[in-house]
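Asks: Input: one structure, supplied below.
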Amino acid sequence: MKKLKLAVIGGGSSYTPELIEGVIKRADRLPVAQIDLVDIDAGREKLEIVTRLAQRMVSKAGLDITVRATLDRREAIKDASFIMTQLRVGGLAARARDERIPLKYNVIGQETTGPGGLAKALRTIPVLLDICHDIEELAPDAWLINFTNPAGMVTEAITKYTKVKALGLCNVPIHMHHDVAKAFNVDFDRIKTTFAGLNHLVWMSDVRLDGKDITGDLIEKLCDGAHMNMNNIHESPWDPDFLRGLGVIPCPYHRYFYMQDEMLAEEQEAAKSKGTRAEQVMKTEEELFELYRDPNLDIKPPQLEKRGGAYYSDVSLNLVDSLFNDTGMINVVNTVNNGAISNMPDDCVVEISSVIDSGGAHPISMGELAENQIGLARSVKSYESLAVEAAVHGDYSKALQALTANPLIPSAKIAKSILDDILEQNADYLPQFDLKK
């Protein structure tokens with residue numbers, strides 16, 4: 001059987017133990033021989049700490065897998081079978097700015113939704129395209145599994161501007177699937193779900209328990225206060241009349257659009273009292289890396305789930321399993337629409353339930369998104385497509401049009417003020433823009 005080499009770009013991330021656990025759990029199905037963890041020089045210390053923990057985890061499992069730390073991205077990519085990207089350009093400090101800049105203008109400040117997502121896309125997309133150029137040269141047959149946010153926009157840029165075989169991933173759908181199982185107190189595998197929409201704007205429908213449609217029952221549970229949320233998002237209860245009328249289950253990130261006033265008020269209060277989400281995560285990261293330093297630690301610590309990465313290993317390694325073993329399993333991925341959502345553009349990237357085999361993702365045809373979904377989806381997709389062009393070409397006008405198109409922005413005037421603030425505070429990470437004018 002062919003031996004696999006994995007390259008993890010952003011290997012010094014606190015999420016990496018999740019990936020290692022996923023590889024260990026699937027050792028009988030994935031013949032991984034080598035894992036190269038890659039980072040930049042500024043992340044050298046964290047990379048070394050994570051690598052030592054990963055080596056201890058592999059050793060405890062009794063597996064013959066070489067885990068290496070390297071700052072040489074091209075060396076790691078060369079001859080890799082799967083390349084995983086989980087990087088954050090500018091680190092958590094940049095994320096904190098992404099969250100605080102919009103709040104100055106009474107606009108939602110979140111790392112992937114609204115202006116924060118634009119800022120992150122502008123910094124991130126050029127770096128991912130540069131990585132893809134290395135993949136085209138050094139590992140043209142490899143699959144790129146992208147976990148880097150904003151995952152939908154990053155994946156769209158890759159599919160439009162490179163030849164790399166790429167799929168985008170998010171742990172929101174699998175998290176929602178687990179929450180359904182918990183709400184009905186049944187095993188995960190007894191639940192079947194269908195997802196369609198955009199990254200961090202995906203709706204769940206046709207929820208089934210042992211083949212029986214329980215979508216309406218789930219909506220009633222949510223109306224009665226059942227939990228379905230992510231650690232990084234404030235949980236305000238859904239309005240029952242609204243949720244029943246919607247007829248499908250929105251993901252937690254929909255709260256930024258459907259409950260904008262409540263979410264903005266919570267963010268503003270949190271920013272004053274305990275800090276933005278990024279500033280809170282910085283503290284969690286310090287605690288995690290203190291744990292990772294312990295030479296006796298040889299498992300993924302349970303505290304990692306506080307970081308927001310729950311089920312990361314399952315969603316990512318299930319996808320690798322499906323691609324490598326040609327399983328035909330259904331995974332929720334970010335991929336080119338190709339008519340699966342018939343009232344969205346064929347060439348745009350959507351987040352959708354797809355059959356995965358060795359040929360890649362085959363999105364399941366969903367027909368049209370309902371009238372009460374498609375307006376928001378089209379508006380956000382217009383923003384995303386414009387943002388991708390702005391990031392690739394350093395186009396100020398496209399960036400301004402992108403922000404103005406975003407439903408969270410109240411006016412073109414505020415969009416311009418926020419954009420100028422973003423460009424000024426991120427100048428070191430935006431070489432594609434001419435910021436000397």
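Asks: Is it fair to say Glu262 is surrounded by fewer than 16 Cβ atoms within 10 Å (Cβ to Cβ), assigned to a helix (DSSP H, G or I) and among the charged types (D, E, K, R)?
Replies: The answer is yes for Glu262.
Asks: Okay, next question. Is there any pair with a first residue in the range 205-230 that is in contact (Cβ under 8 Å) with a residue 60 or more places away in the chain and a second that is surrounded by 14 or more Cβ atoms within 10 Å (Cβ to Cβ) whose Cβ atoms are under 6 Å apart and which are 6 or more apart or on different chains, and what are they?
Replies: Close Cβ pairs satisfying both conditions: Met230/Pro252.
Asks: Confirm whether Arg74 is more than 25 Å from Leu288 (Cβ to Cβ) and not in a loop (DSSP other than H, G, I, E, B).
Replies: Values: more than 25 Å from Leu288 (Cβ to Cβ): yes; not in a loop (DSSP other than H, G, I, E, B): yes.
Here the answer is yes, as Arg74 does meet what is asked.
Asks: Let me ask you something else. Inspect all residues belonging to the range 9-29 and state whether any of them is closer than 30 Å to Glu262 by Cβ, open to solvent by less than 50 Å² (accessible area, probe 1.4 Å), at pLDDT below 95 and in contact with a Phe, Trp or Tyr (Cβ under 8 Å, 6 or more places away or on another chain). Please lay out each step first, then the result.
Replies: Filtering the range 9-29 for residues closer than 30 Å to Glu262 by Cβ gives 14-15.
Filter once more, so that each one left must be open to solvent by less than 50 Å² (accessible area, probe 1.4 Å): 14-15.
Checking which are at pLDDT below 95 leaves us with 14-15.
Going one step further and asking which of them are in contact with a Phe, Trp or Tyr (Cβ under 8 Å, 6 or more places away or on another chain), we end up with 14-15.
Yes: the range 9-29 contains one or more residues that are closer than 30 Å to Glu262 by Cβ, open to solvent by less than 50 Å² (accessible area, probe 1.4 Å), at pLDDT below 95 and in contact with a Phe, Trp or Tyr (Cβ under 8 Å, 6 or more places away or on another chain).
Asks: Of a type outside the set (D, E, K, R) and within 18 Å of Thr112 (Cα to Cα): which single residue out of Tyr292, Tyr256 fits that description?
Replies: Being of a type outside the set (D, E, K, R) and within 18 Å of Thr112 (Cα to Cα) holds for just one of Tyr292, Tyr256, which is Tyr256.
Asks: How do the pairs read when you match residues in the range 53-81 that are at positive phi with residues anywhere that are hydrophobic (A, V, I, L, M, F, W, C) and part of a loop (DSSP other than H, G, I, E, B), using Cβ under 7 Å and keeping only pairs 6 or more apart or on different chains?
Replies: These pairs meet every condition: Asp79/Ala139.
Asks: Just to be sure I understand, how many residues within the range 316-341 are among the polar types (S, T, N, Q), under 17 Å from Ala377 (Cβ atoms) and open to solvent by 10 Å² or more (accessible area, probe 1.4 Å)?
Replies: Number satisfying all stated conditions: 2.
Asks: For the range 343-370, give me the residue count where each residue is part of a loop (DSSP other than H, G, I, E, B), more than 19 Å from Glu156 (Cα to Cα) and open to solvent by less than 60 Å² (accessible area, probe 1.4 Å).
Replies: Residues meeting the conditions: 3.
Asks: Considering only residues that are of a type in the set (Lys, Arg) and surrounded by fewer than 15 Cβ atoms within 10 Å (Cβ to Cβ), look in the range 205-259 and name the one that is nearest to Ala181 (Cα to Cα).
Replies: Kept after step one, since they are of a type in the set (Lys, Arg), are these residues of the range 205-259: 208, 212, 221, 244, 255.
Those left that are additionally surrounded by fewer than 15 Cβ atoms within 10 Å (Cβ to Cβ): 212, 244.
Values: Lys212: 14, Arg244: 20 Å.
So the residue we want is Lys212.
Asks: Name the one entry in Leu323, Leu319, Leu376 that is assigned to a helix (DSSP H, G or I), of a type outside the set (Asp, Glu) and closer than 28 Å to Leu423 by Cα. Outline the logic, then answer.
Replies: Working: Leu323 fails: closer than 28 Å to Leu423 by Cα; Leu319 fails: closer than 28 Å to Leu423 by Cα.
Residue meeting the stated conditions: Leu376.
Asks: I'd like the full set of residues that are free of Cβ contacts under 8 Å to residues at least 40 places away in the same chain, over 15 Å from Thr113 (Cβ atoms) and crowded, with 17+ Cβ neighbours inside 10 Å, limited to the range 396-414.
Replies: Within the range 396-414, Tyr396, Lys398, Leu400, Gln401, Thr404 qualify.
Asks: So which residues in the range 100-140 are outside any loop (DSSP other than H, G, I, E, B), open to solvent by less than 20 Å² (accessible area, probe 1.4 Å), closer than 25 Å to Leu408 by Cα and of a type outside the set (D, E, K, R)?
Replies: If the condition is that a residue be outside any loop (DSSP other than H, G, I, E, B), open to solvent by less than 20 Å² (accessible area, probe 1.4 Å), closer than 25 Å to Leu408 by Cα and of a type outside the set (D, E, K, R), then Ile101, Pro102, Pro115, Gly116, Gly117, Leu118, Ala119, Ala121, Leu122, Thr124, Ile125 are the ones that fit.
Asks: Name the residues in the range 30-64 that are outside any helix (DSSP H, G or I), surrounded by 23 or more Cβ atoms within 10 Å (Cβ to Cβ) and of a type in the set (A, V, I, L, M), would you?
Replies: Val32, Ile35, Leu37, Val38
Asks: Restricting attention to the range 243-265, does a residue exist that is over 28 Å from Phe195 (Cβ atoms) and not β-branched (Val, Ile, Thr)?
Replies: Yes.
Asks: Return yes or no: is Ser382 open to solvent by 30 Å² or more (accessible area, probe 1.4 Å), part of a helix (DSSP H, G or I) and within 27 Å of Val248 (Cβ to Cβ)?
Replies: Considered against the rule, which asks whether it is open to solvent by 30 Å² or more (accessible area, probe 1.4 Å), part of a helix (DSSP H, G or I) and within 27 Å of Val248 (Cβ to Cβ), Ser382 comes out as yes.
Asks: Can I ask one more? Please pick out the residue among Asp206, Asp217 that is in a strand (DSSP E or B), among the acidic types (Asp, Glu) and more than 19 Å from Ser316 (Cα to Cα).
Replies: On inspection, the qualifying residue turns out to be Asp206.
Asks: Would the range 308-315 turn up any residue that is hydrophobic (A, V, I, L, M, F, W, C) and part of a loop (DSSP other than H, G, I, E, B)?
Replies: yes
The values are calculated or read from the model by the stated rules, or taken from the named source; none is laboratory data. Just so you know, these numbers come straight off a predicted model, no measurement behind them. Quick reminder, even Gly has a Cβ in these numbers, built from the backbone with ideal geometry, and neighbours come from all protein chains shown. For accessibility, only protein heavy atoms count, side chains too; no ligands or nucleic acids. Shrake-Rupley method; radii C 1.70, N 1.55, O 1.52, S 1.80 Å.
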